[in-house]
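The structure appears right after this line, and notes come after that.
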Amino acid sequence: MPLEKKLPDYADPPLDEVVLGVQFSPPNNYTSVHACGIWELFRSEFPIVEEVPPLDSQVETFGGTPGQEPSFTFGPPPVRGRMWFISADRSHLIQFQENRFLLNWRRRPAEGNYPRFAGIWSSFSTKLEAIASYFQQEFSTALKINQAEITYVNLIEVEEFAQADKWIRLPESRNVDVESVNYKVVEILSSAGGPYGRFFNEIQSVLTKERKKKALRWSLTFRGKPGGKFISDCQQFFDDGHSRIVSRFDEFSTKHAHEMWGKNNE
Amino acid sequence: MSNRTASRIPDGSVFAADGDRIFQKNSNESVVSLWGHQGYSLQRNLVVHDDSAWSAQLREKLNALTALPIGWDGYHGVPVSFDCARFAVRILDAICDGAVPAPSLVPGSDGTLQIEWHCCGFDVELDVLDVGQVDAYRLNRGTGEEEEIELGVDFTQISTWIEDMAARS
């Protein structure tokens, strides 16, 4: 029996935000009133509410002419927004709209370690099960998932953008006055049944507002169609996404970064 | 998160402040990250190239089909769902380049949408049941050969069907 490959582990990664999310078919008779019912499921843990514009439907597709978004508009503007249910310490946030559920963790200044993937997945899947039960009860329909996504956002503060190669395996640019950095690689994810998603590896130079510090924002996103429509079909997708993100993070970061971020199984 | 402002930095890129951070607006980052929260499009679809008569026909038809009244079929029919309609647009955008006539769009009473061509020696029907769930059928009228496939998010096969039609148009 082959040994399971152990993922690299970091004691203090520069992780700033983690997002797990699914997109699903909206129930036919969903109304804004039902958002209150969804909030009641999580209200004790997420007492703060905000309403923001809805996210567009997003699907990774393949074949034909690649890379274009749909070419024309139709229909009236959407009448239903996206709800944010926010935890009291504002470290966790639920995003809900008629066809989306997302759980965000974001680092807060006073917060310690990131709660790790297993903890976030457990929280996400429990909440998704609660929403599925609500759908069954209110709409007599199962939650049918058509896309899923896991995103890790890292924030690496630097003195100069030319130091990017100190942390990330990019072409050396020490003797260049680098004004900005914008690097992106998109991988196609395939299984025996064909392509099912994409992996986005994106690095950008940013500035933090409060301290006006230069930083690199390193975003890793695994997005696509899970193996099936139901929650039970999604765990493998998220496990695969987590593994890909950690592996790429490890491969693309330098030995210096590994030391600074406390890589444990070097 | 509501204290959002925008400013221009020396290289000409527009940056927007969100909370205690600043980020580049033209990033292709995940839209679900709070980093990128910008109040994304209020439109049901994005506009990239919106200038063909072909597009105008489809837009008009989709406007009508997604606004059908409940019971439009004399029973309990519902309008075409935005998800199905948008996925249909995604398919058409990927596989059609104007070399074949605009297809017929036929609503299903359950909110689904059928895309049909009956031309160039073929009958092609794409039954859009849901996002990432399409039953596709083709009849070659010349040979009588029939093909049926189930599509997810890979349109490669039906793209060749459209090429076959285009070759005979």
### Task
Scan the range B:108-150 residue by residue and report those that are more than 14 Å from every other protein chain (Cβ to nearest Cβ), touching a residue at least 40 places away in the same chain (Cβ under 8 Å), part of a strand (DSSP E or B) and open to solvent by 20 Å² or more (accessible area, probe 1.4 Å).
B:CYS119
### Task
Among residues belonging to the range A:93-121 that are of a type in the set (Gly, Ala, Ser) and open to solvent by 60 Å² or more (accessible area, probe 1.4 Å), point out the one that is farthest from A:ASP16 (Cα to Cα).
A:ALA118
### Message
Exactly one condition in (1) under 24 Å from A:PRO226 (Cβ atoms); (2) modelled with pLDDT under 95 is false for B:LEU129; which is it?
### Response
(2)
### Task
State yes or no: is A:GLN137 open to solvent by 10 Å² or more (accessible area, probe 1.4 Å) and either in a helix (DSSP H, G or I) or under 21 Å from A:SER57 (Cβ atoms) (or both)?
yes
### Message
Suppose we keep only residues that are more than 24 Å from A:GLN147 (Cα to Cα) and out of contact with any strand residue (DSSP E or B) (no Cβ under 7 Å at 6 or more places or on another chain) within the range A:101-117. Which one would you say is nearest to the other protein chains (Cβ to nearest Cβ)?
### Response
A:PRO109
### Task
Could you tell me whether the range A:152-168 includes any residue that is open to solvent by less than 20 Å² (accessible area, probe 1.4 Å) and free of Cβ contacts under 8 Å to residues at least 40 places away in the same chain?
yes
### Message
Could you go through the range A:75-92 and let me know if any residue there is at the interface with another protein chain (Cβ under 9 Å from one of its Cβ atoms) and open to solvent by 50 Å² or more (accessible area, probe 1.4 Å).
### Response
yes
### Query
When you look at A:SER190, is it within 14 Å of chain B (Cβ to nearest Cβ), in a strand (DSSP E or B), open to solvent by 20 Å² or more (accessible area, probe 1.4 Å) and polar (S, T, N, Q), yes or no?
yes
### Query
Is it the case that the range A:118-133 has a residue that's within 13 Å of chain B (Cβ to nearest Cβ), under 30 Å from B:PRO69 (Cα atoms) and at pLDDT 95 or above?
no
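The values are calculated or read from the model by the stated rules, or taken from the named source; none is laboratory data. This one's a predicted model, so the numbers in the text were calculated from it and none came from an experiment. Because the Cβ atoms are built from the backbone with ideal geometry, glycine has one as well, and the counts that use them run over all protein chains shown. When the accessible area is computed, the model is the full protein with side chains, heavy atoms only, and any ligands, DNA or RNA have been set aside. Shrake-Rupley method; radii C 1.70, N 1.55, O 1.52, S 1.80 Å.
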